[in-house]
1. Which trypsin sites (Lys or Arg not before Pro) in segment 72-141 pass both tests, a DSSP loop state and at most 16 other beta-carbon atoms within 10 Å?
2. Apply the a/c threshold of 1.5 to the C-alpha gyration tensor of segment 2-177 and tell me whether it is rounded, prolate or oblate.
3. Would you mind estimating how fast segment 185-227 diffuses translationally, via Stokes-Einstein at 20 °C and 1.002 mPa s with the Kirkwood radius over Cα pairs, in µm²/s?
4. What shape does segment 46-143 take by its C-alpha gyration tensor, where a ≥ b ≥ c are the square roots of the eigenvalues and a/c under 1.5 counts as rounded, a/b above b/c as prolate, and the rest as oblate?
5. Which of these, Gly215, Gly52, Gly140, has the largest mean-square fluctuation under a Gaussian network model of the chain (Cα springs below 10 Å)?
6. Between rounded, prolate and oblate, where does segment 75-229 land on the alpha carbon gyration tensor, with a ≥ b ≥ c its root eigenvalues, rounded for a/c under 1.5, else prolate if a/b exceeds b/c?
7. Below 8 Å, C-alpha to C-alpha, sequence gap of six or more: please give me the relative contact order for the chain in percent.
8. Rounded to whole Hz and in sequence order, give me ³J(HN,Hα) for segment 206-221 from the Karplus expression 6.51 cos²θ - 1.76 cosθ + 1.60, θ = phi - 60°, writing x for Gly and Pro.
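Every number in this text was worked out from the coordinates using simple rules, so none of it is lab data. The model shown is predicted, which means the values in this text are computed figures rather than measured ones. Cβ sites come from the backbone with ideal geometry, for glycine too, and all protein chains shown count toward neighbours.
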Amino acid sequence: MNIMHFDTLPSTSTFAKENASTLHLPALIVADFQTAGRGRQGKSFYSPKGTGLYFTLLFEADEKATLLTPAAAVAVCKAIGEMTSKKACIKWVNDIFLDGKKICGILTECFTSNGKKLFSTGIGINLTTEDFPQELTQAGSLNAECNKEELSKKISEYILEYAENPDNTAILSEYEKRLFVIGKEVTFNKNNLEFTATVKGINNQCNLIVTTPDGKEEILSSGEISIKI
């Protein structure tokens, strides 16, 4: 694995995309600080210096590896459990939670470089971050001592293991058992309207299966859910 470490980058994912044509793959790009960290749906990812782990894994994948984002979520949970004994869990689609707080975000992108189809998985983990912007009301931290390099490598190795020899059935099983929203009442938006439903589980595309109060089943393939309190 080609590992590169930077003190500061605008975004490890942006660096991966801009330099994909010249990098030896798989490449692991790590930064201590991101000035323009990117999250899903065009959102920014808060990446303060010294208190988090921010990295992007750039790689090729088997065409059967259709569940790279769920595989990355499972990889994060497994690696954290092995290195800290803490049991992180998943909020659909790809947020990692611990003790009711979001400690990690994942952004998987696909693009073409030199005629090759490449994937980049950007991961940001709050390790010891304490001071969050006011709007990040759900943010929390791992609050455990662990070696950053070892953690990023372990997560990356799990992702590459799936990417090279995908077993979607196994990943779905691993993902679902860590999905803490099953059985909970959630809200979601559809056609600019807000709906309430109970989470039933996931299907074989890792879409979320929910049941509305009138008994109707809905399949959510994208978007955000909020847990009703």
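1. On the way: sites: Lys78, Lys86, Lys87, Lys91, Lys101, Lys102, Lys116, Lys117; in loops: Lys86, Lys87.
For trypsin sites (Lys or Arg not before Pro) across segment 72-141 that sit outside H, G, I, E and B with at most 16 neighbouring Cβ atoms in 10 Å, the list reads Lys86, Lys87.
2. Details: a/c = 1.63, a/b = 1.16, b/c = 1.40.
Taking the square roots of the gyration eigenvalues as a ≥ b ≥ c, segment 2-177 is oblate.
3. Working: Rh = 10.4 Å.
It diffuses with D of about 207 µm²/s by this estimate.
4. Numbers: a/c = 2.24, a/b = 1.70, b/c = 1.32.
Note, shape of segment 46-143 comes out prolate.
5. Gly215
6. Numbers: a/c = 1.71, a/b = 1.26, b/c = 1.36.
In terms of gyration-tensor shape, oblate.
7. Working: 463 pairs, mean separation 40.2, N = 229.
Reported as a whole number, the value is 18 percent.
8. After applying 6.51 cos²θ - 1.76 cosθ + 1.60, I find 6, 6, 8, 9, 10, 10, 7, x, 8, x, 7, 8, 10, 10, 9, 9 Hz.
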